[in-house]
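This report refers to the structure that appears directly beneath it.
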Amino acid sequence: MRLLDCLSKHALFPLNERREGTRILPSLHSLEATQWMPHQQFEDLRFRKLRAILEHAFENTAFYRRRFGEAGITPKDIRDFDDLRLLAPLTKDDLVRHQNELIARNLRPSERHSSTTGGSSGTHTPFYRDNACLNVKMAVEYRCNQWCGWDVGRKVAVLWPAVQDLFDDESWKQKLRYRLVNRRLLLYTGELNEAVMSQLAKRLDRFGPRLIRAFPYALAVLAKYIRDATPYRIRPAGILATGEPLLANHRALFEEVFDCPVFNCYSSRECGHIACECESHDGLHINAECLHVEFQMSNKPVKAGEPGHLLLTDLENYGMPFIRYEIGDMGVPLAGQCGCGRTLPRMGMNAGRDTDFLYSPHNDSLISGTICHDFIADGPDVGQLQIIQDSRDHLTIRIKKGRRDAADDIKKEYLKSVIDQVFHGKMRVTFEAVDTISRAKSGKFRVCINQWLKTSDSQTPTWEPDTGPVLEGTMPENNAVPGRA
Ligand SMILES: [Zn+2]
């Protein structure tokens, strides 16, 4: 550790905490301890926190007072985590329609911070968090960074495609704080071309980050540029990939170019860092002291190893409680303890949004978009593409126009063969050559969009997880599709 790293960790960061009135370090020290806690002690701690947030929501929000009333219960009737299912989930629609009723009335407006949901469904919904919650969320982020080889005081480069999260109009004080205290370099990767990538590579090389935190699709483009065209030697201790599915070929590319391990991290704007890989790379550890995660299918909890829709209960946000929040993502609960020895439960995380799964007319299964992409990555380089399911048995594949149009037929033939293999010849395909494939407003690149499952003429398939190939492994890179050559 260099002198400035030590100075930042032991002097500048604590001093800044005192000046700003934040309590990130005490929260981090607590999290550093609880991750190793004996299982029963850990569950007792979690349940005490659950009861506290339920009682707070019941006493201080009109929305949850009504929700408990509709269920005919009070928080005292929630005697274990299973009892939580007596309460109806909180939907995105609830956030829009009952926003004021969800804000805790015992917190002064000055103690609340507003943000907006990610907006992958096309809308950005405001929500609130309290000061103490923000401290803990930052500490959770720091703990995940520590798993990747970083520590307080060390440099982190953040490569971000979502322009709304970056601030171009920082004051000199903020810039100085980022340089000396947070030691963070923010780089915008929403638009990449050769000139931009040359600049990004130079800045990364000069900065020498201990950790690179990035959306993987943008980092993949930059990593190829660094590998092929520049003399730079950027050697962080780890890469933390978040915001988009982490594909196996991207992980391999980052390991090759940056010569360091890659960590998959699942986070959301609403609840912060939800789960992250540790050094064992065997599933993602849920930050369960701060968040209770339920996995369910057809309103029933799923067994370990089976995929389910995620419901999140934030154990920290007293400003606007999120209890059984339907975030719209899917994951797999994993059984057993991780080889690292941490008590934190684990989950497998795949392509993300529900609509990122494609419906197969062959056997009513849902196919992870990541599987299609991993298949595609095994063949010729087809460039950027997006798969859209627009009817029960039809996909439109948008392909970004390339310079070597003569190869287009080969690409299409290959893609068609992949689709035939995955969907057992029951899916029709139309190709569409486009100049650009736009990202969602949040900056997320959507691998697959399932328009059809959201339309009124579709029926949600009766999905038996053991009949289809979806999430057979628990991580994107472990997925195996039956029949794969
Ligand atoms: Zn672990």
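The values are calculated or read from the model by the stated rules, or taken from the named source; none is laboratory data. Predicted model, so just to flag it, every value in this text is computed and none were measured. Neighbour counts are summed over all protein chains in view; Cβ atoms, including those assigned to glycine, are modelled from backbone coordinates with ideal geometry. Remember, those area values only see protein heavy atoms, side chains included, never the ligands or the DNA or RNA. Shrake-Rupley method; radii C 1.70, N 1.55, O 1.52, S 1.80 Å.
Of the strands (runs of 3 or more DSSP E) lying entirely inside region 241-298, those containing at least 3 residues that are open to solvent by 10 Å² or more (accessible area, probe 1.4 Å) span 262-268, 291-297. The set of residues from region 200-240 being small (Gly, Ala, Ser) and part of a loop (DSSP other than H, G, I, E, B) comprises 208, 237.
Checking the stated criteria, residue 341 turns out to be modelled with pLDDT of 90 or more, outside any strand (DSSP E or B) and either farther than 25 Å from residue 116 by Cα or within 16 Å of the ligand (Cβ to nearest atom) (or both). Only one of the listed residues (288, 275) is within 16 Å of the ligand (Cβ to nearest atom) and either touching a Phe, Trp or Tyr at 6+ places or on another chain (Cβ under 6 Å) or not assigned by TED's automatic domain parsing to the domain that holds residue 223 (or both). That residue is 275. In region 128-148, the count of residues that are of a type in the set (Ser, Thr, Tyr), at pLDDT below 95 and surrounded by fewer than 16 Cβ atoms within 10 Å (Cβ to Cβ) is zero. Give the residues of region 37-51 that are crowded, with 17+ Cβ neighbours inside 10 Å and aromatic (Phe, Trp, Tyr), sorted by residue number. Selection gives 42 alone.
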